[in-house]
1. Of the residues B:THR69, B:THR56, B:THR74, which is of a type in the set (Val, Ile, Thr), farther than 18 Å from B:HIS326 by Cα and buried (at least 17 other Cβ atoms within 10 Å of the Cβ)?
2. Looking for something under 16 Å from the mean Cα position of the chain (by Cα), polar (S, T, N, Q) and either under 21 Å from B:VAL80 (Cα atoms) or modelled with pLDDT of 90 or more (or both) - is there at least one such residue anywhere in the range B:137-160?
3. Are any of the residues in the range A:25-38 more than 30 Å from A:PRO311 (Cα to Cα) and part of a loop (DSSP other than H, G, I, E, B)?
4. Filter the range B:346-367 for residues that are surrounded by 13 or more Cβ atoms within 10 Å (Cβ to Cβ), under 30 Å from B:PHE220 (Cβ atoms) and without any contact (Cβ under 8 Å) to a residue 40 or more places away in the chain and give the result.
5. Being surrounded by 24 or more Cβ atoms within 10 Å (Cβ to Cβ), among the polar types (S, T, N, Q) and within 15 Å of B:PRO422 (Cα to Cα) is the filter here, so list the residues in the range B:244-274 that pass it.
6. Quick one: is B:ILE434 aliphatic (A, V, I, L, M), over 27 Å from B:ARG363 (Cβ atoms), without any contact (Cβ under 8 Å) to a residue 40 or more places away in the chain and within 11 Å of chain A (Cβ to nearest Cβ)?
7. Under 17 Å from the mean Cα position of the chain (by Cα) and either assigned by TED's automatic domain parsing to the domain that holds B:TYR239 or not in a helix (DSSP H, G or I) (or both): is that true of B:ILE122 in this structure?
Amino acid sequence: MKLASPVASEWKPFVRVFLGSVFCALTLVGALNYVVNPDGTYRLRIVPQLLWGARAQKLSLLSSAHPAPQALILGSSRVMNLAPADLQRATGLVAFNAGVDVGRPEDFYVLLRYAVERLHLRPRLIVIGVDIEAFHNHEPPHYYLEQPTELTPFLWTQPNPHWRWGKFTKLFTYDETRTSLLALYRIASGHRDLIARTDSDGLTHWDGWDRQIASGNLELGPSIRDTISRFAPRYDDYTGVSAQRLEYLRATLDIAHQIGSQAIIFVTPTHPLVEAGLQPHGYASRKAEVLAALQNISEQTKTPFYDFSSPQEFGGEVSHFIDGVHHDGTFYELMEARMFPARARAIQ
Amino acid sequence: MLFNSYVFLFAFLPVTLAGWWLVRRSEVRFAWLTIASYVFYGWWNWRFLPLMIASTTVDYIAGAKIAATENLRTRRGWLVASLSFNLALLAFFKYYGLFASTINQASSDFGFRAAVPVLNIILPIGISFYTFNSMSYTIDIYRGLVRPAKSLLHYSAFVALFPHLIAGPIVRYSDIETQFHALKTKLGSQEASLGIYFFVIGLSKKVLIADRLARPVNEFFALAHPTGLVNSWLAVLGYSLQLYFDFSGYSDMAVGLAHFLGLQFPQNFNSPYQAENIADFWRRWHISLSTWLRDYLFIPLGGSRLSNARTALNLTVTMFLGGLWHGANWTFVVWGLYHGVLLVIHAVARERGWTLRSSICNRSLTFIAIMLGWVLFRAESFGGATRILASMFGRTGLGSVPDSPLYVGWVAGAAAIAFFAPNTWQIEFKPRLIYAYSLAALFLGSVLMLSGASPFLYFQF
């Protein structure tokens with residue numbers, strides 16, 4: 001190693017300038033992201049929110065829903081575009097979509113408890129769409145659950161230190177900084193619309209995807225590759241089905257049973273190419289374990305259970321996927337046709 | 001814990017360094033460093049800590065016993081005990097699965113039932129590195145090259161030392177012995193500057209280059225049927241660069257962290273893709289492993305002192321074991337043998353004067369040979385490797401132009417650095433403020449990209 005100067009005193013300014021620059025830059029980035037707070041992670045709300053936290057929005061819409069929903073849809077972002085109007089046509093029940101991004105059994109549980117205990121709702125039907133990844137045994141509850149704070153008291157354990165750390169480090173990420181700058185740009189250029197639009201019945205419109213589909217510019221290949229790349233490390237760490245998450249699901253079904261509600265569980269579909277791409281990462285084993293666990297719970301709680309994890313299970317065409325795990329409304333029509341033709345009358 | 005994680009950068013490192021430099025008594029400092037290193041290791045899975053502590057204790061005792069006697073038989077006995085213990089650890093945790101699956105497959109092929117129970121053994125991270133560190137310790141004491149560690153605490157601090165614990169470089173006790181005996185009590189600004197320089201360059205190599213290449217490369221190697229000559233070569237080139245920037249980035253970070261502790265680690269990479277032949281490559285790639293294999297395996301086997309045939313055999317055996325060290329998969333073994341054969345061919349060619357004069361031709365041929373080897377190294381199976389190699393040689397046609405110009409740009413940029421730029425150790429490092437600002441900008445860019453960072457590739461070994 002060649003050192004240009006062996007004189008120690010010449011290196012002092014170097015260390016000071018480096019440390020000072022790093023400190024100032026990180027402080028600046030952190031402050032920018034904290035103040036802009038583009039998705040409402042932090043308490044400070046000065047700049048209009050660019051991305052709504054789905055949980056806060058769904059609680060707000062649910063509390064003002066009129067008439068009171070008779071059917072609730074629970075699940076992850078993969079069910080957020082399941083149209084309550086379609087469900088109403090299938091079942092005759094006024095429906096509300098309470099699906100939230102990164103929705104997992106603990107989310108279903110706290111959302112249902114909130115609806116029942118705080119909003120005094122008594123839905124007659126609860127449709128739960130679960131993902132294979134929803135039972136990850138090494139991913140803690142997401143700090144999104146803290147947005148809003150009304151939901152966290154219903155959790156069995158409070159993983160606050162983990163959340164606080166996650167929220168702190170999020171201040172120093174490229175994604176957060178980019179979103180903050182985008183939020184400032186949109187405000188400066190007069191755009192106040194949110195990235196995802198949600199109707200009063202909880203239905204989310206994925207405008208970006210809708211525009212790409214309408215213009216014929218939706219490229220599935222890169223999205224599928226992106227999904228595989230994002231999910232592969234998650235599956236590497238997904239070594240078994242989380243017992244606690246199964247208990248959360250069971251407890252959700254217990255609440256449904258206590259209020260005289262009929263629950264239905266279905267597994268959300270995944271593109272076959274994503275399934276194939278995740279095979280080296282243990283996908284097949286995890287899927288088999290999740291399906292077996294759900295079948296077991298279904299039998300024990302007498303809850304109808306549908307495995308729609310592959311499109312061929314319900315006659316779906318892969319062309320209706322809009323990325324590796326999300327799809328357009330056509331799939332829901334096919335799934336509802338499987339779930340409700342005979343059941344609609346029984347529920348009524 | 002990963003070097004490229006927020007918890008390491010914002011919590012572990014500042015606390016560990018504060019404790020290390022604020023405490024005066026050397027024994028307390030060693031205890032602090034050992035505990036911190038155990039936390040670093042246990043962060044991944046604390047259940048494997050006792051294994052490392054057991055290995056440390058056995059080798060410390062064996063080292064002390066070897067040094068305590070002149071009786072050759074006793075010395076040899078303790079050396080064998082130490083080596084057996086370490087090799088048994090490796091055999092069980094790393095190679096049992098390969099052994100069981102191979103035996104069972106062979107049984108099945110001959111119409112018998114599976115003969116060996118298949119156990120779901122988790123590979124303790126870094127086990128290959130710390131067992132090699134430990135083995136060199138007892139062997140060097142046996143050879144009279146180093147004195148035994150002053151205490152179990154000293155030796156534990158050496159084995160667990162977090163900068164090199166997980167993925168090397170393989171530091172020998174002889175590298176660190178003198179430094180441990182004369183610990184610095186104050187972090188000088190020159191030492192700190194060197195630490196900053198190596199650490200930031202290593203971090204940016206990993207986060208800003210290797211991780212940018214990772215996604216398309218992983219996507220390609222996940223394909224059941226790779227298509228197109230152009231895409232195949234581009235993907236394998238991408239992997240070659242990803243592996244280099246990932247591993248050399250880790251090594252640079254380890255060297256930087258050692259400087260933060262007032263210690264110095266040996267160089268582990270010396271622009272390996274600028275090598276002019278395969279022997280030159282192994283003098284530049286993962287130098288600490290190459291020299292370990294040379295000193296503890298190749299030379300004891302006879303090295304190149306015997307006949308040509310024996311030298312060829314020694315090279316092949318050494319590279320076979322070097323391949324096996326990398327992983328419990330026959331693809332690694334074949335990769336090692338492939339390099340052994342290349343080394344033999346090079347030795348024969350050199351002896352007969354069959355070498356090219358053009359440096360560019362030598363470098364290009366060497367790099368292509370290395371790239372072909374990386375296909376075996378990266379592929380999950382022989383079937384996968386064969387499909388990729390077939391695609392590289394036109395079996396699936398020329399293919400289309402890559403649909404990601406950004407990826408092509410990253411590959412081109414990374415290749416330019418790897419092939420033509422001086423490496424971290426060659427750059428003349430000056431105390432100029434522009435360097436400080438540049439390194440601060442690189443550090444900030446790397447920190448912002450940490451959320452998408454992946455584990456280091458060499459962790460699996």
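The values are calculated or read from the model by the stated rules, or taken from the named source; none is laboratory data. As the structure is a computational prediction, the values presented were derived from the model and not from experiment. Here the Cβ is made from the backbone with ideal geometry for all residues, glycine too, and neighbour counts use every protein chain on show.
1. Working: B:THR69 fails: buried (at least 17 other Cβ atoms within 10 Å of the Cβ); B:THR74 fails: buried (at least 17 other Cβ atoms within 10 Å of the Cβ).
On inspection, the qualifying residue turns out to be B:THR56.
2. no
3. Here is the first cut: in the range A:25-38, the ones more than 30 Å from A:PRO311 (Cα to Cα) are A:25-38.
Checking the rest, the ones that are also part of a loop (DSSP other than H, G, I, E, B) come to A:37-38.
Scanning the range A:25-38, I find at least one residue that is more than 30 Å from A:PRO311 (Cα to Cα) and part of a loop (DSSP other than H, G, I, E, B), so the answer is yes.
4. Matches in the range B:346-367: B:SER364, B:LEU365.
5. Selection gives B:SER248, B:ASN268.
6. So B:ILE434 fits the description; yes.
7. Here the answer is no, as B:ILE122 does not meet what is asked.
Listed here are the residues, each with its yes/no results for (1) at pLDDT 85 or above; (2) touching a strand residue (DSSP E or B) at 6+ places or on another chain (Cβ under 8 Å).
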site: B:GLN426; (1), (2): yes, no
site: B:TYR435; (1), (2): yes, yes
site: B:ALA453; (1), (2): no, no
site: B:PHE456; (1), (2): no, no
site: B:GLN460; (1), (2): no, no
